[in-house]
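The values are calculated or read from the model by the stated rules, or taken from the named source; none is laboratory data. As the structure is a computational prediction, the values presented were derived from the model and not from experiment. Reconstructed Cβ throughout: ideal geometry from the backbone, glycine too, with neighbour counts over all protein chains shown. The protein model used for the area step is the full one, side chains on, heavy atoms only, and it has no ligands, DNA or RNA in it. Shrake-Rupley method; radii C 1.70, N 1.55, O 1.52, S 1.80 Å.
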Amino acid sequence: MKKQSKVSSDLENTENNFDDIEDVQAPISTAPEDVRKIIEMVWQLEKNRLDRKSFGHISDDILTIIKGVVQ
Amino acid sequence: MKLISISFCNFRSFYGRTPEMFLAVDEVKNTTVIHGNNGVGKTSILNGFTWVLYEKFSAAFASAEQLVNKRAVAEASPGQAVECYVEVTWEHDGKRYRAKRQSRVYRTESDVEAGKTDMFMLVTAGDGRWFVPDQHPDDIINQILPCSLHQYFFFDGERIEKIVRNDKKAEIAEATKMLLGVEVINRSIRHLAEAKRSLEAELRTIGDLEIKKLLKQHNNIESQVEAISKRSFEIQQEIEYQNIFKQEVAGRLRELGAVKELQERRQHLESQKSLLQKQLAKSKDNLQRFISNQGYSVLLSEKNIQFRNIIEKLKDAGGLKSGISREFVINLLNGSKCICGSYLHEHSQARKHVEQWLEKAGSSTVEETAIRMTAQVDEIDKQAVSFWQAVDTEQVRINETRQTLGQIETELQEIKEKLRKNPSEEIRDIEQRVEDIEVKISELIFEQGRNQQQTDTLNIELDDLNKQIAKQKLNEERQLLAQRRITATTDAIDRLSEVKTRQENHFRYSLEKRVQEIFSAISPAPYIPKISDKYELTLMENTLGVEMPVAASTGENQILSLSFISSIIDKVREWSGKKKMLMLPESSTFPIVMDSPFGSLDEISRRHIAKIVPEMANQLVVLVTKTQWRGELEEEIANRVGKEYILIYHSSKPDCEQDYIELRGVRYPLIRQSPNEFEYTEIVEVNRDVE
């Protein structure tokens with residue numbers, strides 16, 4: 001990610017601002033549309049399965065998400 | 001998750017259906033107090049919540065399998081099903097959920113047989129219409145408040161210190177990670193990386209693209225073809241020029257009297273030679289055309305004989321009868337009228353006559369086809385004869401032409417020899433120059449032929465390359481798509497890793513700070529709670545500048561546990577309130593349902609906690625005995641109580657001691673004599689309008 005260096009320097013500036021939610025979320029909110037969509041859909045999927053013991057087929061579901069978003 | 005109500009039916013000590021216990025939901029008056037003596041059903045209420053929501057029971061819940069009220073079982077006839085259920089209503093994200101978990105038991109002669117447990121859920125979005133959700137009820141509840149976190153919100157206050165015990169460190173770390181969304185991020189990163197590997201494998205199966213190499217080859221060949229074509233044009237011009245030049249040079253011989261005739265003869269022979277060469281080429285073309293158009297006819301003679309034999313056999317067998325045709329007879333029968341005008345009704349004599357003709361008549365279709373094919377076969381036989389004649393004629397012509405050409409060549413060679421050996425140097429010179437030009441022309445013609453051959457080969461290569469390029473272009477699109485997907489996945493992983501780092505920096509420290517604040521407000525000890533990078537919660541003390549873990553007492557651990565739970569609720573609510581945080585559990589409001597609160601704490605700590613917990617939790621339900629309630633708890637919580645209930649125990653013991661509690665000046669019974677041989681618990685709401 002090209003933004004990595006900028007992101008890290010931003011982080012240093014706000015290190016003491018513990019509750020800066022905007023900053024925590026910034027890598028997602030500044031992401032390209034398809035990347036943001038992938039992350040949000042994967043989060044939803046992972047959250048739904050948090051308490052499931054088996055992770056069977058989750059990778060397939062994630063592949064389906066990626067392929068669905070990036071066409 | 002905001003709890004709205006709970007009700008029971010034949011659940012543990014509650015006989016029949018209890019009234020719906022509505023819980024305090026007001027922002028300030030957010031606390032519900034449920035009074036009851038030991039063993040009357042306070043723990044059953046706590047477990048009622050966890051049973052409906054998670055099908056879990058607390059550690060202290062004795063004989064979980066005996067869920068069904070004993071009186072209800074006793075009253076059932078053998079074989080009859082006894083139903084027991086708990087129903088909980090809550091609100092989340094503008095929707096109201098109603099969940100009911102029920103279990104059935106069957107009474108046998110001597111025992112009770114357990115049936116299955118079912119879960120039902122209905123949802124309404126506020127318009128009053130209830131519907132069955134698409135998702136499984138357990139999944140819905142887990143999204144709102146994950147099962148593994150339930151013990152931090154529904155707990156026994158006397159045992160709450162266990163959540164921070166050393167052997168539970170990993171569990172609380174997991175729970176914290178889940179609440180802060182770290183677990184969701186970790187799993188997302190891990191599973192996205194797996195997906196990325198699959199995408200990379202897919203990319204490998206597409207293979208290395210050679211499209212650039214192929215296009216380069218294509219361009220090379222195209223420029224070669226172009227160069228050859230250019231050269232071909234030059235050669236053509238050069239040949240024409242050399243021919244003119246040759247004529248000019250040779251023409252000079254005609255001006256010299258000694259060889260004038262010889263030269264004229266040579267010119268005549270050359271024009272004849274050219275004519276014959278054209279004729280020879282034409283004859284060869286004719287021969288080719290004959291072979292490709294009619295050559296097949298000479299190979300069919302055997303098949304033609306076989307065909308004629310078949311026709312003969314058909315004729316002999318009567319298959320090809322001439323005269324009246326079968327189709328004609330069928331038409332008459334279908335029309336039910338003969339050509340003579342007689343009607344051919346079913347079963348009539350006339351019809352039978354005509355039908356007999358079907359036996360005798362042949363099929364006109366087969367006959368027509370046989371005739372047509374016989375004519376075609378005859379034609380093929382004739383073609384074979386004319387083919388051989390034409391070939392023979394052309395062969396004769398070719399032979400004659402070759403012979404004449406041979407004679408002309410010989411004579412031309414003789415003339416050349418004569419001119420070469422002519423005593424006149426000038427004539428010899430001119431002849432030499434003519435010969436040189438002829439050599440030159442011959443070389444050019446040879447080069448032209450070679451180039452033509454090369455062009456043909458290159459064109460075949462070009463066709464092949466075009467096919468390969470088209471195939472590769474298709475693969476290129478697939479490859480580009482796979483690469484774009486990998487790039488997006490890599491970017492997602494990078495960004496999630498960055499969010500994880502930031503979250504650790506922000507959330508963990510922020511949570512730690514809050515736990516420290518709350519702990520220090522409650523506990524008189526100078527200990528400092530710390531949350532490690534593994535999210536493990538430890539109580540530390542600072543001895544002479546060195547941080548050391550504390551061997552904490554039960555009371556201190558209870559304070560630490562409650563501080564931790566309060567901090568988590570406070571911080572998650574704060575973060576979720578600012579912005580929708582997808583990685584966090586959906587609930588931004590958390591209830592605390594606490595049985596026997598603040599068990600082992602001293603008075604000061606109890607007072608502090610009693611003050612802090614209702615402030616931190618969005619909603620508090622406390623289940624208390626008279627002694628637990630009286631004093632600092634009552635004093636600190638009183639102004640936050642929105643709902644209050646009494647659990648009245650009806651004892652079957654003949655001489656049971658009656659007990660009472662006085663609330664707002666009203667005396668409520670806690671223990672009463674049962675009117676029958678069964679003990680049971682009654683839920684009564686405290687009238688809070690009385691002052």
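One line per residue, one yes/no per condition, for (1) free of Cβ contacts under 8 Å to residues at least 12 places away in the same chain; (2) of a type outside the set (D, E, K, R); (3) under 21 Å from residue B:161 (Cα atoms):
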position	(1), (2), (3)
B:475	no, yes, no
B:538	no, yes, yes
B:548	yes, yes, yes
B:563	no, yes, yes
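Do you know which residues across the range B:95-124 are charged (D, E, K, R), modelled with pLDDT under 85 and surrounded by fewer than 16 Cβ atoms within 10 Å (Cβ to Cβ)?
Filtering the range B:95-124 down to residues charged (D, E, K, R) leaves B:95-96, B:98, B:100-101, B:104, B:107, B:109, B:111, B:113, B:116, B:118.
Within this subset, residues satisfying the condition of being modelled with pLDDT under 85 are B:107, B:109, B:111, B:113, B:116.
Across the range B:95-124, the qualifying residues are B:109, B:111, B:113, B:116.
Looking at B:91, B:109, B:113, B:158 in this structure, which one is more than 14 Å from chain A (Cβ to nearest Cβ) and either touching a Ser or Thr at 6+ places or on another chain (Cβ under 8 Å) or among the polar types (S, T, N, Q) (or both)?
Working: B:91 fails: either touching a Ser or Thr at 6+ places or on another chain (Cβ under 8 Å) or among the polar types (S, T, N, Q) (or both); B:109 fails: either touching a Ser or Thr at 6+ places or on another chain (Cβ under 8 Å) or among the polar types (S, T, N, Q) (or both); B:113 fails: either touching a Ser or Thr at 6+ places or on another chain (Cβ under 8 Å) or among the polar types (S, T, N, Q) (or both).
That would be B:158, the only listed residue that is more than 14 Å from chain A (Cβ to nearest Cβ) and either touching a Ser or Thr at 6+ places or on another chain (Cβ under 8 Å) or among the polar types (S, T, N, Q) (or both).
Selection within the range B:280-331: residues that are touching a helix residue (DSSP H, G or I) at 6+ places or on another chain (Cβ under 6 Å) and among the small types (Gly, Ala, Ser). The member of this set that is farthest from residue B:386 (Cα to Cα) is B:325. Just one residue in the set B:148, B:198, B:188 is open to solvent by less than 30 Å² (accessible area, probe 1.4 Å), out of contact with any strand residue (DSSP E or B) (no Cβ under 6 Å at 6 or more places or on another chain) and either among the acidic types (Asp, Glu) or within 11 Å of another protein chain (Cβ to nearest Cβ) (or both); that residue is B:188. Of the residues in the range B:513-530, none is over 17 Å from residue B:175 (Cβ atoms), modelled with pLDDT under 85, touching a strand residue (DSSP E or B) at 6+ places or on another chain (Cβ under 8 Å) and open to solvent by 30 Å² or more (accessible area, probe 1.4 Å). Count of the range B:169-185 residues, restricted to those that are more than 14 Å from chain A (Cβ to nearest Cβ) and open to solvent by less than 50 Å² (accessible area, probe 1.4 Å), is 3.
Here's the yes/no breakdown for (1) open to solvent by 80 Å² or more (accessible area, probe 1.4 Å); (2) of a type outside the set (S, T, N, Q); (3) in contact (Cβ under 8 Å) with a residue 40 or more places away in the chain:
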position	(1), (2), (3)
B:647	no, yes, yes
B:652	no, no, no
B:655	yes, yes, no
B:663	no, yes, yes
B:668	no, yes, yes
B:675	yes, yes, no
B:680	no, yes, yes
B:683	no, yes, yes
B:686	no, yes, yes
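State whether one or more residues within the range B:459-467 are open to solvent by 70 Å² or more (accessible area, probe 1.4 Å), within 33 Å of the chain's Cα centre (by Cα), over 30 Å from residue B:197 (Cβ atoms) and free of Cβ contacts under 8 Å to residues at least 24 places away in the same chain. Yes - at least one qualifying residue is present in the range B:459-467. Selection over the range B:478-507 of residues that are at the interface with chain A (Cβ under 8 Å from one of its Cβ atoms) and more than 18 Å from residue B:204 (Cα to Cα) gives a count of 13.
Please find, among B:559, B:528, B:569, the residue that is over 37 Å from the mean Cα position of the chain (by Cα), farther than 25 Å from residue B:633 by Cα and among the β-branched types (Val, Ile, Thr). Spell out the reasoning first.
Values: B:559 fails: farther than 25 Å from residue B:633 by Cα; B:569 fails: farther than 25 Å from residue B:633 by Cα.
One residue alone meets the criteria, B:528.
The residues of the range B:16-34 that are part of a strand (DSSP E or B) and more than 16 Å from residue B:683 (Cα to Cα) amount to a single one, B:31.
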